[in-house]
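Have a look at the structure below before the remarks.
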Amino acid sequence: MRPSALGGYEDWPDFVRDASPLTGDELTTRVAALLGVPEPPQRPAVRTVGEWLADGVHGSELEWSTGFGPPTRAWLLRPADAPLGPGLLGLHCHAGVKSIGAERMVDTPRPSTRALGVRADLYEDRAVANELARAGFVVLCHDTFAWGSRRFGFDPLPRGLRDLMAAYEAAWLAADHSPDDDEWYDVAAVHHEHTIAKAAGILGTSFAGMVAYDDLVALSVLRGVDEVDDVGVFGFSGGGARAAALTALDPGIRASAVVCMMTTFEALVPAYVDAHSWLFTTPGLARELDHPTLTAGRGRHHQLVVCAEDDELFPSRGMVAADRELTELFLDGPGSYTGTFLPGPHRFDREMQDLVKNFFTERLLPA
């Protein structure tokens with residue numbers, strides 16, 4: 001019998017077929033239709049798996065069900081010795097690393113080697129969620145659809161990956177390299193994303209639409225935390241694309257920060273389109289909305305965009321054009337826009353993290 005290509009998600013097709021489409025105001029309904037976002041349930045039942053206290057932060061590991069696939073794992077961080085402030089939803093990057101999800105942003109009691117590696121490579125060795133919690137915010141970071149606890153299963157290996165992974169294993173053997181389980185999984189998962197996107201298309205949704213669904217469920221969990229009223233969202237790289245989509249889908253988000261994930265769609269073709277995943281390339285989206293237009297949404301929220309001048313994933317002209325368009329979209333409106341360009345490559349380093357922290361402090365924390 002041919003193995004499932006959707007290991008652990010065999011209930012996904014029925015879930016999507018039975019779900020109602022997400023609707024709301026004009027923008028929510030439009031973006032949800034373009035991405036194929038199902039209507040999320042009311043706040044799910046949340047189970048606390050564990051708790052800890054370290055370096056001025058009270059941490060909780062949480063778990064909930066989105067209604068299909070494996071349960072979601074998440075981390076909720078609060079300032080340990082200060083009143084609870086506004087809530088921030090942290091959206092982890094893509095990075096071609098799906099063996100873990102939000103753990104890359106959170107300093108947990110027993111961090112995985114993979115999380116520490118991604119944090120060192122892209123976050124300048126700082127757990128940004130903990131830093132924001134120490135600044136007074138309640139921060140929730142969750143594994144989203146296809147990452148970490150929400151990963152797809154490869155046992156048995158889908159037929160479409162057999163020859164590909166056999167070739168990788170031969171190359172590793174020739175190089176006398178023994179990948180650990182996470183490295184092996186991440187290589188397979190990068191290629192498997194095409195299969196997930198195909199399945200999503202058949203089901204009438206999209207890869208980005210299902211990620212947005214998971215993010216909306218997590219947002220409902222954050223809003224259910226006692227004393228959390230105002231909420232903001234932030235994300236780096238693929239997480240920045242998620243932040244833009246989520247801000248357009250949910251009119252209650254007051255502040256949004258997008259780091260190293262800004263361009264016009266037009267500028268990606270032909271030379272840069274291969275730098276991006278299905279998370280940023282939903283078929284049909286660019287015919288209706290440009291990425292700056294999606295990010296600006298209703299123009300009622302406060303928006304920060306941080307760009308890296310030497311970002312290898314985006315052409316300079318696309319970033320500059322997007323910055324100009326965002327400035328115009330927020331001009332004379334109730335919201336605000338701040339665009340910042342810093343020298344250097346694609347990353348979310350401490351300087352950028354401090355910009356995000358200061359932005360949320362100014363826009364969300366009481367004086």
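Of note:
- Here is the figure for region 253-276: residues that are surrounded by fewer than 18 Cβ atoms within 10 Å (Cβ to Cβ) and in contact (Cβ under 8 Å) with a residue 24 or more places away in the chain total 4.
- Unique match (being open to solvent by 10 Å² or more (accessible area, probe 1.4 Å) and either in a loop (DSSP other than H, G, I, E, B) or on the phi < 0 side of the Ramachandran plot (or both)) among 294, 246, 219: 294
- Residue 314 being under 22 Å from the mean Cα position of the chain (by Cα) and among the hydrophobic types (A, V, I, L, M, F, W, C): yes
- Exactly one residue among 234, 207 is buried (at least 19 other Cβ atoms within 10 Å of the Cβ) and in contact with a strand residue (DSSP E or B) (Cβ under 8 Å, 6 or more places away or on another chain), and that residue is 234.
- Meets criteria (of a type in the set (D, E, K, R) and within 18 Å of residue 248 (Cα to Cα)) for residue 323: yes
- Of the criteria (1) part of a helix (DSSP H, G or I); (2) in contact (Cβ under 8 Å) with a residue 12 or more places away in the chain; (3) over 30 Å from residue 366 (Cα atoms), which one residue 45 fails: (1)
- Selection of first residues in region 93-105 that are within 12 Å of residue 187 (Cα to Cα) and of second residues that are among the hydrophobic types (A, V, I, L, M, F, W, C), restricted to Cβ pairs under 7 Å at least 6 apart or on distinct chains, gives the following pairs, ordered by first then second residue: 95/118; 95/122; 96/190; 97/118; 98/146; 98/147; 98/189.
- For region 157-182, filtering for residues that are free of Cβ contacts under 8 Å to residues at least 12 places away in the same chain, part of a helix (DSSP H, G or I) and not aromatic (Phe, Trp, Tyr) leaves 9.
- Flag if residue 91 is out of contact with any Leu (no Cβ under 6 Å at 6 or more places or on another chain) and at pLDDT below 95: no
Residue-by-condition table, conditions (1) among the β-branched types (Val, Ile, Thr); (2) open to solvent by 60 Å² or more (accessible area, probe 1.4 Å):
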residue: 15; (1), (2): no, no
residue: 20; (1), (2): no, yes
residue: 23; (1), (2): yes, yes
residue: 27; (1), (2): no, no
residue: 33; (1), (2): no, yes
residue: 37; (1), (2): yes, no
residue: 44; (1), (2): no, no
residue: 49; (1), (2): yes, yes
residue: 62; (1), (2): no, no
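- Residue 80, sole failed condition from (1) open to solvent by less than 10 Å² (accessible area, probe 1.4 Å); (2) without any contact (Cβ under 8 Å) to a residue 40 or more places away in the chain: (1)
- If you filter region 329-362 down to residues that are of a type in the set (D, E, K, R) and at pLDDT 95 or above, you find that the one that is most open to solvent (accessible area, probe 1.4 Å) is 362.
- The set of residues in region 1-60 that are more than 30 Å from residue 126 (Cβ to Cβ), β-branched (Val, Ile, Thr) and under 21 Å from the mean Cα position of the chain (by Cα) comprises 16, 28, 29, 31, 37.
- Look at (1) open to solvent by less than 10 Å² (accessible area, probe 1.4 Å); (2) over 25 Å from residue 130 (Cβ atoms); (3) out of contact with any strand residue (DSSP E or B) (no Cβ under 7 Å at 6 or more places or on another chain); (4) not hydroxyl-bearing (Ser, Thr, Tyr) and you find that residue 284 fails only one, number (1).
The values are calculated or read from the model by the stated rules, or taken from the named source; none is laboratory data. The model shown is predicted, which means the values in this text are computed figures rather than measured ones. Positions of Cβ are backbone-derived with ideal geometry, glycine not excepted, and every protein chain shown enters the neighbour counts. Just so you know, the surface numbers come from the protein's heavy atoms only, side chains and all, with ligands and any DNA or RNA stripped out. Shrake-Rupley method; radii C 1.70, N 1.55, O 1.52, S 1.80 Å.
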